[in-house]
Amino acid sequence: MKILLSVIFSILITVGHSQSDVDIVKETVDYNMIKGQIHFLALDALKGRDTGSPGLELAADFIMSQFRSFGVGYAPGMETYRQPVPLTLVTAPTSSSLQIAEQTLAVPDDFIILMADNVALSGETVFAGYGLDEDLATLDVKDKIIIANAGDGVAESPQAWFAISADKNALAKEKGAKAVIEIYSNTKAPYNFVKRFLNARDQLTVGPDENEDVLTHIMIDGSKEATVNQIKQNGTSIKINIDGVTKDEFSSDNLVGYVEGTDPVLKDEIVVYSAHYDHVGIGRADAVGDTIYNGARDNAVGATTVLSAAENIAAYPTKRSAIFILFTGEEKGLLGSQWYVDHSPVPLQDIVYCFNSDNGGYNDTSLASIIGLERTTAQPLIEKACSTFGLKAIEDPAKEQGLFDRSDNVNFAVKGIPAPTFSMGFTAFDEEIMKYYHQAGDSAESLDYDYLYKFFQSYVLSARLIGNAAERPFWLKGDKYYEAGIELYQGK
Ligand SMILES: [Zn+2]
């Protein structure tokens, strides 16, 4: 009897020990649970989860109550799941005018405002080529209004031109100029095309408002020859009046949970599982009059993948420790993740991997599309996890979209942390994706849950394989962020 009992006991222990990661995933990932979580996060009552809105706060309460029910703890050094992210809402001016000699110009037909605070200033022009370092080297621009051609004479795309604009602004400020006016003429994107998108609009920035001194930056239509000729003459007098810009500081929370690893050595290494839980709020009505942008795909699905991993790892911790993060402010410019990497409760070099999930939509239910799959050594683990549940893991099929740089993973990557983004299967950014991407119709009812069940199982198994692997993952040699990684983990 005694012998028999101990035999049974040892069999039980063996069975317990041999429970595989696959079994553990099957045990916790639940079809109806996933469906319920997505439906809640995409409810009309949450009004599109705009950053700073009561709807996003409700989503936060839900996520934290899920953390609690799974037994997820607080990150080291934190006494709550909330990490407040300070934000500043800068509204667009309500009125603005630009006077060149006797002529009065109008927004947005003649000029657009790229950067401004409320100002009433006047001054004289000085023409400075492209307004770059070499152009300003021998010019005295102090207290002058710099006139410059847009771009740098080399770059052709308007995106590049606007990036260069920010450098010009910083330089002009350093040299004591009063304002910068750029002359825009780009054949690829004519002024009449860009003016609709680029005129000053309400903007969210992260951190307390540090831009006390915004240097006024204006762009004028380069096709208006008379104006251009006049403004290029040094000493032309200019008056700029901008009014109605307001600044409102508030905060919105990242949500952070933690489960300690089981291995005495590997528990010092942390894997981050992350997704943004904000969306774009309320917007223009669609064909059926719907104004609530529910954001089921983007990114109730991603938030739910992280919840699935949290539930699983809280019940069955991996060898490595785990931090679960739901970011705010992603849609406003990756603001929550930017704040997180600069204010992480744990040292960044302890974070060995960031396994992010973000989604626009899907058009192929046999796939999981992983943005950055082929860039880290975790590739075979993720491929194996997906194939276990009948999905094929593929690398970003729409590189022209620049998706790697358009989600929270990139803020980790820039610091050197290997960080791909796990997304629902798509083969191209086609009509099927655009039908839902940032549209009011992106609702929980329009999702294929049989597919999502496999998708979540694949994510959670990938998480377990990465969290338990003998070797920590890293960037592949030659990757853009490989050197940043070497630097970050020096001596680790
Ligand atoms: Zn989005």
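The values are calculated or read from the model by the stated rules, or taken from the named source; none is laboratory data. Note that the structure is predicted; figures quoted are calculated from it, not measured. Cβ sites come from the backbone with ideal geometry, for glycine too, and all protein chains shown count toward neighbours.
Going residue by residue through the range 418-425, is there one that turns out to be over 16 Å from Glu395 (Cβ atoms) and either at pLDDT below 95 or more than 16 Å from the ligand (Cβ to nearest atom) (or both)?
no
Residue check: is Val341 hydrophobic (A, V, I, L, M, F, W, C), out of contact with any Ser or Thr (no Cβ under 6 Å at 6 or more places or on another chain), surrounded by 15 or more Cβ atoms within 10 Å (Cβ to Cβ) and farther than 14 Å from Asp50 by Cβ?
Taking the combined requirement at face value, the residue satisfies it.
Given the range 53-116, what strands (runs of 3 or more DSSP E) lie entirely inside it while holding 1 or more residues that are crowded, with 18+ Cβ neighbours inside 10 Å and small (Gly, Ala, Ser)?
Here the list reads 95-100.
What are the residues in the range 298-340 that are within 16 Å of the ligand (Cβ to nearest atom) and either assigned to a loop (DSSP other than H, G, I, E, B) or not assigned by TED's automatic domain parsing to the domain that holds Ser423 (or both), if any?
Matches in the range 298-340: Thr328, Gly329, Glu330, Glu331, Lys332, Gly333, Leu334.
Quick check: is even one residue across the range 254-272 at pLDDT 95 or above, more than 16 Å from the ligand (Cβ to nearest atom) and among the small types (Gly, Ala, Ser)?
For the range 254-272, residues at pLDDT 95 or above, more than 16 Å from the ligand (Cβ to nearest atom) and among the small types (Gly, Ala, Ser): present.
Just give me the residues in the range 131-145 being surrounded by 19 or more Cβ atoms within 10 Å (Cβ to Cβ) and either out of contact with any Gly (no Cβ under 6 Å at 6 or more places or on another chain) or not acidic (Asp, Glu) (or both), in sequence order.
Selection gives Gly131, Leu136, Val141, Lys144, Ile145.
Can you spot a residue in the range 363-374 that is farther than 19 Å from Ala469 by Cβ, more than 16 Å from the ligand (Cβ to nearest atom), in the same structural domain as Glu400 (by TED's automatic domain parsing) and of a type in the set (Val, Ile, Thr)?
Within the range 363-374, one or more residues are farther than 19 Å from Ala469 by Cβ, more than 16 Å from the ligand (Cβ to nearest atom), in the same structural domain as Glu400 (by TED's automatic domain parsing) and of a type in the set (Val, Ile, Thr).
Residues that are out of contact with any Gly (no Cβ under 9 Å at 6 or more places or on another chain): find the strands (runs of 3 or more DSSP E) completely inside the range 348-462 holding 2 or more of those.
351-357, 367-371
Report yes if some residue within the range 262-277 is farther than 30 Å from Val352 by Cβ and either of a type in the set (D, E, K, R) or not assigned by TED's automatic domain parsing to the domain that holds Ile100 (or both); otherwise report no.
Within the range 262-277, not a single residue is farther than 30 Å from Val352 by Cβ and either of a type in the set (D, E, K, R) or not assigned by TED's automatic domain parsing to the domain that holds Ile100 (or both).
So Val271 fits all but one of (1) touching a Gly at 6+ places or on another chain (Cβ under 7 Å); (2) more than 30 Å from Asp50 (Cα to Cα); what number is the exception?
Checking Val271 against (1) touching a Gly at 6+ places or on another chain (Cβ under 7 Å); (2) more than 30 Å from Asp50 (Cα to Cα), the one that fails is (2).
Only one of these is under 16 Å from Asp408 (Cβ atoms) and either surrounded by fewer than 19 Cβ atoms within 10 Å (Cβ to Cβ) or of a type in the set (D, E, K, R) (or both): Asp286, Asp298, Asp290, Asp268. Name it.
Asp298
Looking at the structure I just gave you, is Gly402 out of contact with any strand residue (DSSP E or B) (no Cβ under 9 Å at 6 or more places or on another chain), within 16 Å of the ligand (Cβ to nearest atom) and of a type outside the set (Phe, Trp, Tyr)?
So Gly402 passes the test.
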